[in-house]
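J.: What follows is a structure written as structure tokens; I'll ask about it next.
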Amino acid sequence: KLQDCVRDGRPHRRQGGVNHPSDPSINHHFIKHPLHLRIILSTMSKVPLALASAVALLAAAASVSPLPTSAFVTPSASSASRVPSFLPSFRVATDLSASESPAATSDEGTSSSSFALNRKPKSGDVVTINLTLEPEDETTVIETLFDSSGTVSFVLGGGNYLPGLHDLIGTMSPGETVEGKSLDAGWGQRRDELIAKVPKDGSNGLDYDKIEVGTELFLGNGVRCVVTEVTENDFTIDANPPLAGASYKADVELLTVEEGPGEVEFSEDDSSAKTGRYEVATVALGCFWGGELAYMRAPGVVGTKVGYTQGEVENPAYKEVCSGATGHTEAIQVVYDPHVVTYEELVRLGMDRLGESKFLLNQVGNDRGTQYRHGVYYHTPEQREIAERV
């Protein structure tokens, strides 16, 4: 889990074109009833995230063709009681030209010529910074999973960078510079309680002749540890992550703060979604980790999240989804700058990644199961038209 290792400091590895209804009783070519889709973020809190209420494409035998328009209906007031409620999250936004920019400065400080905000950023805002990160301990080699220098943009509080960097930027104002700030490298501090001496009393069934400094052992609960010292009577094990205690020295200049997208429920009116510079795309490409990493690397993408869409169970556990019993689909949600990368380019990236798997049902590569069904989940009629064309 590439993103988690820098989102919450824990030593995890993290990191097109079809949708099939989650309910097996529904015909796999038509959705007969109104529905909203939602995604549940793969974070510790499992926060529900509002998604588009319509899905675009189904795989045909040798091509990807669109579902009929009548297959997707925004829930009416009469059906509202049957539609799950959503927490506010992303509001879909479309490309705005200079002539469509807000005409006056808002209470939040929005400029009449741009979407920049003259205030401290809050979670969900898109921030652009000048950044330099250098390891404070030169003897510790840290291979970063994110940009460590230059000008970068990302969703504040949305992962993909050091948690300490998010916290620092949240205290800054546009134009402010902080130099020499020490930031945890994402692995936490070393903990003395994870270090222990083990007596060589023969009670643990180990061959002490094979115990030497650097030997890796696994405890009964599966925790990995390393032997750091060996004496005649005992040896010391350390279960801290190898990079625990590592840190960066950070020089940060906050250049701009812009409002990120809000809720992303489907809207028939493209103009009603024009509230900012950034837009949202949602796709399912099988297992979401690799697909998310591909989008994280795409120029113009400022934020990614993974989770589950469709389905019939509130806040499902990963094992529940993998069982196929909940009807969920693994999905990726992307926040991007349409001035840098277009929605069509993002859809094509997904199609290219799927390859021949886009002609398979409930399968991507060697991953099989309903949770691996692939799809494009559009947020506006314009996105639907583009997805159909691709």
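What follows is calculated from the coordinates using simple rules that are stated; it is not laboratory data. Remember, predicted model here, so these are calculated numbers, not experimental data. Using ideal geometry, Cβ is built from the backbone for each residue, glycine included, and neighbour counts are taken over all protein chains shown.
J.: Treat every Asp and Glu Cβ in segment 259-352 as -1 and every Lys and Arg Cβ as +1, leave all other atoms uncharged, and give the resulting dipole magnitude about the Cα centre to the nearest 20 debye.
T.: Charge dipole of segment 259-352: 400 debye, to the nearest 20.
J.: Report the Cα-based extents of segment 192-238 along its three principal axes, largest first, to the nearest Å.
T.: Principal-axis extents of the Cα atoms in segment 192-238, largest first: 23, 19, 17 Å.
J.: Go through Ala250, Met172, Asn204 and say which Cα lies farthest out towards the positive end of the charge dipole of segment 116-252; charges sit on Cβ, +1 for Lys and Arg, -1 for Asp and Glu.
T.: Met172
J.: Using the Karplus equation 6.51 cos²θ - 1.76 cosθ + 1.60 (θ = phi - 60°), what ³J(HN,Hα) coupling, rounded to whole Hz, does each residue of segment 359-367 give in order, writing x for Gly and Pro?
T.: 9, 9, 9, 6, 7, 9, x, 8, 8
J.: Along the charge dipole of segment 311-390, Cβ charges K/R +1 and D/E -1, which of Ile332, Val390, Asn366 sits furthest on the positive end?
T.: Checking the options against the dipole of segment 311-390, the answer is Asn366.
J.: Ok, one more. For a bin width of 10 Å, list the pair-distance distribution of segment 197-326 built from all Cα-Cα distances, rounded to whole %.
T.: 8, 21, 19, 19, 18, 10, 4, 1
J.: Still on this model: Looking at the calculated P(r) for segment 149-237, what percent of the C-alpha pair distances fall above 22 Å?
T.: 51
J.: If packing is taken as the mean number of other Cβ atoms within 10 Å per residue, what is the order of 205-213, 250-258, 303-311, highest first?
T.: Top of the packing list down: 303-311, 250-258, 205-213.
J.: Moving to a separate point now. Give me a comma-separated list of calculated 3J(HN,Hα) values for segment 309-325, in order, Karplus coefficients 6.51, -1.76, 1.60 applied at θ = phi - 60°, integers in Hz, x for any Gly or Pro.
T.: The phi angles translate into 10, 6, x, 10, 10, 6, 6, x, 7, 4, 5, 5, 5, 5, 6, x, 7 Hz.
J.: Per 10 Å bin, what is the whole-percent P(r) computed from every C-alpha pair distance within segment 297-355?
T.: 20, 39, 28, 13, 0
J.: Which whole-Hz couplings ³J(HN,Hα) result when phi for each residue of segment 123-130 is put into the Karplus expression 6.51 cos²θ - 1.76 cosθ + 1.60, θ = phi - 60°, listed in order with x for Gly and Pro?
T.: Values, residue by residue: 3, x, 6, 9, 10, 10, 9, 8 Hz.
J.: Kindly rank 181-194, 218-231 from highest to lowest mean number of other beta carbons found within 10 Å of each residue.
T.: Ranking the peptides 181-194, 218-231 by packing returns 181-194, 218-231.
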